[in-house]
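Worksheet: one structure, shown below.
Throughout, read-outs are computed from the coordinates displayed, never taken from laboratory work. All values reported here derive from a predicted model rather than from experimental measurement. Note that each Cβ is placed from the backbone with ideal geometry, even for glycine, and that neighbours are counted across all protein chains shown.
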Amino acid sequence: MPPTSLKLTAEVQDLRIAWLAALAVAIHVLESAFPSPLPGVKPGLANVVVVMALLMYGWRAALAVAVLRVIAGSLFIGTFLSPTFFLSLSGAALALCTMGLAWFIGRHHLTAIGLSIAAALGHITGQFITAWLLFIPHEAIWRLYPILLSTSLIFGLVSGTMAHALFRKLKIPAA
Amino acid sequence: MKRGDWVVLVLATLLIGVSYAHFWTGRMPATEARVQTGDGHRHDLPLEHDTTLRVPGPLGDTRIEVRDGRARIADSPCSDKFCVHYGWLHRGGETIACLPNRVVLQLAGAEQDFDAINF
């Protein structure tokens, strides 16, 4: 006889990821409520949580938090499967790639600041590639890229500094 | 900040510098001026020959001028003449649209794609 109920037990790691993802979603939703002075410019504070997840619990936790943030965050805002969602998803994906690359190459020489900068530049680059391939297939869009790359460096520095301060305050041993 | 952070910062700055140099220098060379009128006619003027072209619109004739690899709307019967005051177009993709007289002038390279897709 097949089992009539399925019991899933959440491991400690699952709960940690759920907590962090919930935090990231909350920041993501809050941030989307603020108007932006320039289209495309957002502080990207939710990435602080992803960087924290990477530093505290490792690469897979960061991946889980980032993916959950994009999906659950878009469900909350109402942009799930819309163009915004794909921009967000591709940004998060490339941010994870660049941040992960930095992590695997030099994790012992990096703090949250470097990881955050790598993620910020990857994020905006991923969004540009998607925007160019899917929505604005005109090379003129790339003229905007240097500007947004510059702002992403600034915001990457800011959110990285925040993550770094947070990490030192929490004094959590690295995974 | 540790050593790796500085490496990331320097690489990021370099990337930004390269992106400005690459995307903000005059690429996208234009090869022809495309004139589109409200009645659906299109005229392609190669930029290497200096010419003038008169195209009819609902208000009268708009005069397009091509000179020295550039193009402009030299004269238009519309009232505010934004199209004339815009001046010369140099780069591929640059566009003047004169809505009152329904004339669009655009510089284009060899390839022309959609401008943007919206949902």
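Provide a single number: the residues in segment B:1-48 that are within 14 Å of chain A (Cβ to nearest Cβ) and of a type outside the set (D, E, K, R). Write out each step before concluding.
First, pick out the residues of segment B:1-48 that are within 14 Å of chain A (Cβ to nearest Cβ): B:1-30.
With of a type outside the set (D, E, K, R) added as a condition, the list becomes B:1, B:4, B:6-26, B:28-30.
Number of matching residues: 26.
Do you know which residues across segment A:115-146 are part of a helix (DSSP H, G or I), farther than 27 Å from residue A:56 by Cα, of a type outside the set (Asp, Glu) and at the interface with another protein chain (Cβ under 9 Å from one of its Cβ atoms)?
Of everything in segment A:115-146, those that are part of a helix (DSSP H, G or I), farther than 27 Å from residue A:56 by Cα, of a type outside the set (Asp, Glu) and at the interface with another protein chain (Cβ under 9 Å from one of its Cβ atoms) turn out to be A:134, A:135, A:140, A:141, A:142, A:143, A:145, A:146.
Scan segment B:15-70 residue by residue and report those that are acidic (Asp, Glu) and assigned to a loop (DSSP other than H, G, I, E, B).
Within segment B:15-70, the subset acidic (Asp, Glu) is B:32, B:39, B:44, B:48, B:50, B:61, B:65, B:68.
Of everything in segment B:15-70, those that are acidic (Asp, Glu) and assigned to a loop (DSSP other than H, G, I, E, B) turn out to be B:39, B:48, B:50, B:68.
Just the residues that are under 11 Å from residue B:47 (Cβ atoms) and part of a loop (DSSP other than H, G, I, E, B), please, taken from segment B:71-98. Working first, answer last.
Of segment B:71-98, the ones under 11 Å from residue B:47 (Cβ atoms) are B:71, B:89-90, B:92.
Result: B:90, B:92.
Consider segment B:57-86. How many of its residues are surrounded by fewer than 14 Cβ atoms within 10 Å (Cβ to Cβ) and among the hydroxyl-bearing types (Ser, Thr, Tyr)?
Going residue by residue through segment B:57-86, those that are surrounded by fewer than 14 Cβ atoms within 10 Å (Cβ to Cβ) are B:58, B:60, B:68, B:79-80, B:85.
Narrowing further to those that are among the hydroxyl-bearing types (Ser, Thr, Tyr): B:79.
The number of residues fulfilling the criteria is 1.
How many residues are small (Gly, Ala, Ser) and closer than 12 Å to residue B:76 by Cα if we restrict to segment B:91-105?
1
Tell me, which residue of segment A:32-61 that is under 20 Å from residue A:147 (Cβ atoms) and surrounded by 15 or more Cβ atoms within 10 Å (Cβ to Cβ) is nearest to the chain's Cα centre (by Cα)?
It comes out as A:47.
The rows are residues; the columns are (1) touching a Gly at 6+ places or on another chain (Cβ under 7 Å); (2) more than 22 Å from residue A:17 (Cα to Cα); (3) buried (at least 22 other Cβ atoms within 10 Å of the Cβ).
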{"residue": "A:78", "(1), (2), (3)": "no, yes, no"}
{"residue": "A:92", "(1), (2), (3)": "no, no, yes"}
{"residue": "A:99", "(1), (2), (3)": "yes, no, yes"}
{"residue": "A:128", "(1), (2), (3)": "no, yes, yes"}
{"residue": "A:132", "(1), (2), (3)": "no, yes, no"}
{"residue": "A:135", "(1), (2), (3)": "no, yes, no"}
{"residue": "A:143", "(1), (2), (3)": "no, yes, no"}
{"residue": "A:163", "(1), (2), (3)": "no, no, yes"}
{"residue": "A:168", "(1), (2), (3)": "no, no, no"}
